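J.: First the structure, then my questions, so here it is.
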Amino acid sequence: MLATPEDLFAALDALGIPHRTMQHPPLFTVEQSQALRGQIPGGHSKNLFLRDKKQALFLVVTLEDAEIDLKGLHRVLGASGRFSFGSADLLREVWGVIPGAVTPFGAINDHEARVSVVLDAALMAHETVNFHPLVNTMTTSIGRDDLVRFLESTGHLPRIEAVSGLPPVPD
């Protein structure tokens with residue numbers, strides 16, 4: 001059974017993690033979410049659900065406007081071969097969300113810890129970070145250290161790595 005936003009909020013409450021959520025129309029792209037700037041302070045993210053050649057899964061969480069060298073990212077993260085995007089079906093099966101609602105909060109649904117979570121250092125420079133709470137009709141604000149604590153509580157020990165703004169790696 002997949003967690004709902006209410007299940008997520010209950011889990012955050014049980015951990016003593018403060019959070020604030022704002023409802024809004026469905027958002028599917030970074031461009032659409034940028035219309036909310038000024039109403040929701042903190043770092044805003046884009047979340048890349050990736051798989052490598054050996055089917056290992058990664059969630060790479062960066063600032064919404066970060067430039068990521070997808071061709072060379074596998075080397076930075078020690079993955080097996082180049083990354084491709086995980087399918088919508090795989091995203092739903094493992095992370096419990098649909099495209100457009102990808103979020104590190106999906107860790108609540110990954111009971112087998114199949115996904116390695118990578119938090120970009122530039123995102124983690126913000127005290128407050130913002131993500132969809134499993135659906136794209138809301139945005140939840142949480143402290144960066146509380147995000148790490150939440151992820152650890154789900155069995156996902158996040159890696160904090162500088163993944164954005166790196167020069168492209170030649171083939």
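J.: Please report the projected area of the chain's Cα convex hull averaged over all directions, in nm².
T.: Projected area, direction-averaged: 9.3 nm².
J.: Let me ask something additional. Can you sort E127, E93 from fewest to most other Cβ atoms within 10 Å of each residue's own Cβ?
T.: Result, fewest neighbours first: E127, E93.
J.: Further, regarding this structure: How far is helix 5-14 tilted off the main Cα axis of the chain, in degrees rounded to 10, range 0 to 90?
T.: Taking Cα atoms only, the helix is inclined about 80 degrees.
J.: Above 20 angstrom, tally the Cα pairs of the stretch 79-171 and express them as a % of all pairs, no decimals.
T.: 41
J.: Tell me the mean residue ellipticity at 222 nm calculated for the chain from its helices only (DSSP H runs of n ≥ 4, each -39500 (n - 2.57), averaged over every residue, nearest 500).
T.: -4500 deg cm²/dmol
J.: Hey, another quick one. Could you list L134, L2 in order of exposure, starting from the residue whose Cβ has the fewest other Cβ atoms within 10 Å?
T.: L2, L134
J.: Got a sec? How would M138, M1 order by Cβ neighbour count within 10 Å, fewest to most?
T.: Lowest count first: M1, M138.
J.: Can you list the HN-Hα couplings for the stretch 119-132, worked out from phi with the Karplus curve (6.51, -1.76, 1.60; θ = phi - 60°), rounded to whole Hz and with x for Gly and Pro?
T.: 9, 5, 4, 5, 5, 6, 6, 7, 5, 10, 10, 10, 8, 5
J.: Of the chain, which part is the longest with no trypsin sites (Lys or Arg not before Pro) in a loop (DSSP not H, G, I, E, B) and with at most 11 other C-beta atoms within 10 angstrom?
T.: 55-171
J.: Output ³J(HN,Hα) for the stretch 67-80: one whole-Hz value per residue in order, computed from phi by the Karplus curve 6.51 cos²θ - 1.76 cosθ + 1.60 with θ = phi - 60°, and x for Gly and Pro.
T.: 9, 10, 8, 5, 5, x, 4, 4, 5, 4, 9, x, 7, 8
J.: Taking only Cα atoms, what is the 0 to 90° angle, nearest 10, from helix 144-153's long axis to the longest principal axis of the chain?
T.: 80
Bear in mind these aren't lab numbers, they're just calculated from the coordinates by the rules spelled out. Note that the structure is a prediction, hence the values are computed from the model and not measured. All Cβ positions, glycine included, derive from the backbone under ideal geometry; neighbour counts span all protein chains shown.
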